[in-house]
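Just so it is clear, none of the values below were taken in a lab; they were calculated from the coordinates. What you see is a predicted model; the values in this text were computed from it and never measured. Quick reminder, even Gly has a Cβ in these numbers, built from the backbone with ideal geometry, and neighbours come from all protein chains shown.
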Amino acid sequence: MSFWFWHGLRRGIQSTRYPRRAEAAPGVSPGCPVNTEFESDDEAQRAAAICPVDAIIAHGRSAFVDLGKCVHCQRCHLCIPTPMNWDAGYEWTRLPAKQIECAILPSAFSKSMHIMVVDAGDCGACLHEVKQLNNPLYNMHRLGFFFTATPRTADLLLIVGPVSENMRGPLLKTWEAMPTTRRVMAVGSCAITGGVFGHNFMCAGGAGSVLPVDFEVPGNPPPPLAILHGLLVATGRKSVTKNELVPEGRS
Amino acid sequence: MASVTGASLVLFFLACAGGILLSALSGRKRAPLVIAIAGTLSSLLMVFAAATVLVTGQSYEAALWTLNGFGRLTLRLDPLSAIFLLAAGIVYFSVSIFVRNFIKDQLDDAYPTHRYGVLYFALMASVVLILVASDAPLFLISWECMSILCFLLLNYDLRQQSDKTAGYIMLAMSEAGFLAVVVAFLVLGRTAADLSFSALSAAAAGLSPQALWSVFLLGFFGFGVKAGLVPVNFWLPRSYTAAPSIFIPVFAGVTLNLGFYGILRLNADLIHTGYGTGVLALVVGSITALVGILYATTDNDMKTMLAHSSIENAGIIVAGLGAFLIYRASGHPVAAAIALSAALYHMLNHSIYKTLLFQGTAYVEAETGTRDMDQLGGLSRLLPGLSIIFLVGCLAISAVPPFNGFVSEWMTLQALLRSAVLSSTSIRIVFALCGASLALTAALAVTCFVKVYAMSFLGIRRGTWEPRLHARAGARFSLGFLAAVCLLLGTLPTYVLPVLNRTVEPLAGASVTTSLVQPFFTATAENGQLPPAFLQDFHNLGAQSGKGLLPGRGLVVLLRGLEANPVVFAMSPSYSVIALAVLLLLAWFVVTRLTRRSAVARRALWAGGIPRLLPQMTYTATGFSNPVRVVFQAIFQPNITEDTRQTVAVHFRTAIHRQREETHVVDRLFLEPVGAAMQWIAGFLAGMHHGRLNAYVTYVLAFFLLILFLYRGT
């Protein structure tokens, strides 16, 4: 005989308390580098040089981080004498570069948002993290987020992957099939900038070149809590963290 | 008025004879026109003759010559015949117009069309003769003519071997039924003065209950063959599928009804039996309905599906007749009148919408070359007019208001619910079970016809056929006419019920008009037709709307109960159709007002993001009906064989073929055991035939001695 009911009661709630309380469990986030002010120009140059994906741009003594490219390899954190500052959190959601206004969904969606996930050439990592949102630990249903299988009932289009040529058509069709008052969220550095795939003849280099993206969740892959933060931002229940981006024309 | 009826009948037979002669004499090209003109004329005369009898309530009688040994042949067109004649007339009117456009498509060059015309009119004449015959010999002769002509028309188009088998099965079953009916008449006629129906009816009063039971059973199953009742209906789907498409409406709309006519005439009019026979009819009817609709839902051939659906409707009608017999035998004339009028109403409705659907199928087949629902699809864009008319037929047959099927099925179920008036608990339980079965049937009918319409007319084209668009004005007129009749019969039941009452009142002993059509138009608080308080309530509800504008008693079908429960059941399709129209308009108005500001963007249909929706990816008719197939597996008992081809190991399969073979439940439970028993008896008897002369001489001698022994005294 199974005592799952009893076991469940005895264990209590295992889900994360986020967003009411920050999640402090070890390993929930790989962390990411943040903009750092070094002692000298050389140190900044070294940090920029060690980054394999050109996510760090040195400008004078400062090293700016473009999170849309970062792959959390930690070389800038562990492999240079003066490491970059490191953010162990997960609230990384940001707006696309040229967007100033945060296009949150109307308040009617704040407790019920249906999400259509499109795998636009993803390696599987981001999709895997997105899938974790449904597990008991993250349990996004408690926050009123639901995955849906049809764009006809979807409010948010969640794109993972750099938008390969074969997925460009289906992605556009999905977007067109969604009723208005819809938002687009690019999850993962591939969906934001093309990531390691970049922009080439078989790859659009990010969802932004195909669709008007409203929110970006950086990370490669972003941890589930980062995606959850993105969803909360989309419904207006969290605000976008003010990332100091690379100043225009300085790189 | 009787002379007018007689004259129109004589003119009808003249028109038929003219049709036969002209079709025989005219060439291939002219024959369809002859069929159309003579057919329309004779069917209008049929309708006219029936209408005069139904409107005036006066029967028409005529005595023909005396046939040696059979007595005098007499004709009599009474209201019971007239209602069936009316249905036949409407069907023939539509078919005669429809046939003209299709006769060339359907019949190969090898078959001369004028011969078809001869058979067509001969069948029409024999059908009317069956309906107006008033003595057993004339009735039986014309019945036999009808059976043979049906067989000839069915086998008119002998291109496939299966057609021939179907025709022979039908002929064999018709003959078996005919023999049963002959025996029934013989049992009845043993004590009768002559073989006229009136004499037989008088003789029936003196028969023992056992003799009446045997007459009932012989007649019920003899006529049940034509009416498509379980277990003698296995010929019906086979022959309907094999028959030429232009001819099946006559099968479904006319000759099927002759079965009900026979049952009513012999088992309800000529003899009066106890309620046991009614229970039998009710149970057989309910089982027939359920079996019919189950096979209709799972079949993908439009013609076969409609054939099974005819069986279902026959079941509903016979269940109504059974309820009528029970109520009549137990002394509840009002309930009996409701049940009989429901059955007759359903008979009339079924003739009309089934003709519509079969003609629609013929139209579809002529346009596309197929009638397999898995191959069709997307016809609504190709044939928008036909699509709407076919939808009307589907809605009518699935009992959706405001069309006619709703009224009669509702009345049938209400008639079954009247079993509350019966005293016997066991019969009430039978009624409840049969009512549940009929309700299940009604629900499955909706599934079935949603499938037919959705799979054939909506979606995208699945098959490889190419549309062959012909202009068919006549066919469209014929279909439109039937759809209009469906709507009229569905919205104006209070004008149909008084017409049916001419037939119902003599048989049931109570008027369905006075019990169901309440006089809201004529009643006032003073004249006492209705209690003032009751009248006031219904006037407040608007039951007198239309008073002064419309003739008749009212537009509400309502059965009044006792003081505690003044309304047993009530409906008014006439008012509800107006209310529905107003609500639709209102909804449309509100929606357009609300969405005035918002722009509508039209994009390609969402199909999972695939580049192109292929026909193989869409929902098929088989898939749609599969839940029914799975749920009722105990009845279908399919024989599933799986053929799996593997390449390397067990896990790597290249193809799985699933074959599903079904034997119809009637074949399995009735035909096959009977056939096996026959084989066994034949095998036993074959042992005697070993070819030795001496033994045969011994048989003759033994038999001779046996006869001498048996008749030793006389």
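Multiplying the sequence separation of A:ALA97 and A:VAL196 by 0.36 nm and subtracting their Cα-Cα distance, what value in nm do you get? Please list the in-between numbers first.
Numbers: separation 99, 0.36 × 99 = 35.64 nm, distance 1.91 nm.
The A:ALA97-A:VAL196 span can extend by a further 33.7 nm.
Backbone geometry of the stretch B:217-222 corresponds, through the Karplus equation with coefficients 6.51, -1.76 and 1.60 at θ = phi - 60°, to 3J(HN,Hα) couplings of 4, 4, x, 4, 7, x Hz, x marking Gly and Pro.
Counting only other chains, and only Cβ atoms inside 10 Å, what mean value do you get across the residues of B:187-197?
Working: counts 0, 0, 0, 0, 0, 0, 0, 0, 0, 0, 0.
What the average comes to for B:187-197 is 0.
What the phi angles of the stretch A:89-102 give under the Karplus curve with 6.51, -1.76 and 1.60, with θ = phi - 60°, is a coupling list of x, 8, 8, 10, 3, 9, 9, x, 3, 8, 8, 9, 7, 8 Hz, glycine and proline written as x. Multiplying each eigenvalue of the alpha-carbon gyration tensor of the stretch B:140-260 by 5 and taking the square root yields semi-axes of 32, 13, 11 Å, largest first, rounded to whole angstroms. If R0 is 22 Å, what FRET efficiency do you get for B:GLN659 and B:ILE635 from their C-beta distance, rounded to 0.05? The value I calculate is 0.65. A Förster distance of 51 Å, applied to the separation of the beta-carbon atoms of A:GLN45 and A:HIS128, puts the FRET efficiency at 0.90. Within the straight-line cut-off of under 19 Å between alpha carbons, the aspartates and glutamates reachable from A:LYS238 are A:GLU23, A:ASP87, A:GLU91, A:GLU101, A:ASP155, A:ASP214, A:GLU216, sequence neighbours fewer than 8 places apart in one chain being disregarded. What FRET efficiency would be calculated for the residue pair A:LEU137, B:ASN626, taking the C-beta separation as r and a Förster radius of 51 Å, to the nearest 0.05? Calculated value: 0.85. Semi-axis lengths, largest first, of the ellipsoid equivalent to the stretch B:419-459 are 36, 7, 4 Å, with √(5λ) applied to each eigenvalue of the Cα gyration tensor.
Derived from the Cα gyration tensor, the three semi-axes of the equivalent ellipsoid of chain B are 41, 37, 28 Å, largest first.
Among B:VAL400, A:VAL187, which comes first, then next, by fewest other beta-carbon atoms within 10 Å?
Lowest to highest Cβ neighbour count: B:VAL400, A:VAL187.
Other protein chain C-beta atoms within 10 Å of residue C-beta, averaged over B:590-603: 1. Converting phi to 3J(HN,Hα) with the Karplus coefficients 6.51, -1.76 and 1.60 and the offset θ = phi - 60°, the stretch B:655-666 yields 8, 10, 10, 10, 9, 10, 10, 10, 10, 4, 4, 6 Hz in sequence order, with x at every glycine or proline. Between B:ARG597 and B:LEU25, the modelled label-to-label distance comes to 7.8 nm, taking each label 7 Å out from Cα in the direction of the beta carbon. The alpha carbon centroids of the stretch B:386-448 and the stretch A:133-151 are separated by 45 Å. Taking Cα atoms only, the orientation of helix A:224-234 departs from the longest principal axis of chain A by about 80 degrees. The order of A:GLU129, B:GLU61, going from fewest to most other C-beta atoms within 10 Å of their C-beta, is B:GLU61, A:GLU129. Over chain B, dividing the summed -39,500 (n - 2.57) contributions of all DSSP H runs of at least 4 residues by the number of residues returns a 222 nm mean residue ellipticity of -22000 deg cm²/dmol.
By average Cβ neighbour count within 10 Å, what is the ranking of B:571-583, B:630-642 from highest down?
Working: B:571-583: 16.0, B:630-642: 11.5.
Output ranking for B:571-583, B:630-642: B:571-583, B:630-642.
Taking the three principal axes of the alpha carbon atoms in the protein assembly as shown, the coordinate ranges are 139, 92, 69 Å, sorted in descending order. With a 10 Å cut-off around each Cβ of A:174-180, the average count of Cβ atoms from other chains is 3. As a proxy for reagent exposure, ranking B:LYS451, A:LYS69 by other Cβ atoms within 10 Å from fewest up yields A:LYS69, B:LYS451.
Extent of the stretch A:79-198 along its three principal axes (Cα atoms, max minus min coordinate, largest first): 53, 35, 33 Å.
Ordering A:ILE100, A:PRO222, A:ALA63 by the projection of their Cα atoms onto the charge dipole of chain A, which places +1 on the Cβ of Lys and Arg and -1 on the Cβ of Asp and Glu, puts A:PRO222 at the extreme positive end.
Quick check on chain A: helices-only [θ] at 222 nm, where DSSP H runs of length 4 and up contribute -39,500 (n - 2.57) each and the sum goes over total residues. Nearest 500, please.
Numbers: 7 runs with 59 residues, N = 251.
Dividing the helical sum by the residues of chain A leaves -6500 deg cm²/dmol.
Extending 7 Å from the Cα toward the beta-carbon at both B:MET688 and B:VAL590 defines two label points whose distance is 8.1 nm.
Protection proxy ranking, highest mean first, for peptides B:352-359, B:364-371: B:352-359, B:364-371, where packing is the per-residue count of other beta-carbon atoms within 10 Å, averaged.
When you count the other C-beta atoms within 10 angstrom of each residue and take the mean per peptide, B:512-522, B:8-18, A:146-156, B:137-147 line up highest first as B:512-522, B:137-147, B:8-18, A:146-156. Computed from label points 7 Å out along Cα-Cβ, the spacing between A:SER112 and B:VAL697 is 9.9 nm.
Return one quarter of the surface area of the convex hull spanned by the alpha-carbon atoms of the stretch B:33-87, equal to its mean projected area, in nm². Could you put the intermediate results ahead of the total?
On the way: hull surface 19.9 nm².
Its Cα hull, projected and averaged over all orientations, spans 5.0 nm².
In Å, the Kirkwood hydrodynamic radius of the stretch A:105-157 over pairs of distinct alpha carbons? For the stretch A:105-157, inverting the mean 1/r across all distinct Cα pairs yields 11.9 Å. Straightening the chain between B:SER201 and B:ARG712 buys 180.2 nm, computed as 0.36 nm per residue apart minus the Cα-Cα spacing.
Cα centroid separation, the stretch B:491-506 to the stretch B:47-87: 19 Å.
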